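The values are calculated or read from the model by the stated rules, or taken from the named source; none is laboratory data. This one's a predicted model, so the numbers in the text were calculated from it and none came from an experiment. Neighbour counts are summed over all protein chains in view; Cβ atoms, including those assigned to glycine, are modelled from backbone coordinates with ideal geometry. Heavy atoms of the whole protein, side chains included, go into the accessibility calculation; ligands, DNA and RNA do not. Shrake-Rupley method; radii C 1.70, N 1.55, O 1.52, S 1.80 Å.
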Amino acid sequence: MEQTIHMPAILWSVDSQDWSNRDADITYSRIINNVRDGDIILMHSLYTSSAEATKRLVPELMDMGYQLVTVSELMEYKGIDAQKIKSYGGR
């Protein structure tokens, strides 16, 4: 019997790869050099280096004019109805 979750799969469009190097500078650079409007950034909360990168990223992204929002808010701003899609994110 097939079961379905009636929610879209949320994918990322910028992979920080923070797990692979655990270096705040590399994580910061990988994100800041690749981010675009509407991106979903994948980071892991269990690494200190990710937290350190985030401390630099948030103010820098805001200075660049980005607004940090939840996925639900992002979809709303982009005019996407979550009930009508199977997945969201990626490029």
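Could you list, in sequence order, all residues of the range 1-16 that are open to solvent by 30 Å² or more (accessible area, probe 1.4 Å) and assigned to a strand (DSSP E or B)?
9, 10, 15
Among the residues that make up the range 77-89, is at least one of them without any contact (Cβ under 8 Å) to a residue 24 or more places away in the chain and surrounded by 11 or more Cβ atoms within 10 Å (Cβ to Cβ)?
Among the residues of the range 77-89, at least one is without any contact (Cβ under 8 Å) to a residue 24 or more places away in the chain and surrounded by 11 or more Cβ atoms within 10 Å (Cβ to Cβ), which makes the answer yes.
Looking at (1) at pLDDT below 95; (2) loosely packed, with under 14 Cβ neighbours inside 10 Å, which is the one condition that is false for residue 74?
Status for residue 74: all satisfied but (2).
Could you list all residues from the range 45-59 that are surrounded by 13 or more Cβ atoms within 10 Å (Cβ to Cβ) and under 21 Å from residue 89 (Cβ atoms)?
Result: 50, 53, 54, 57.
Any residue at all in the range 17-34 that's assigned to a loop (DSSP other than H, G, I, E, B) and either of a type in the set (Gly, Ala, Ser) or open to solvent by less than 40 Å² (accessible area, probe 1.4 Å) (or both)?
no
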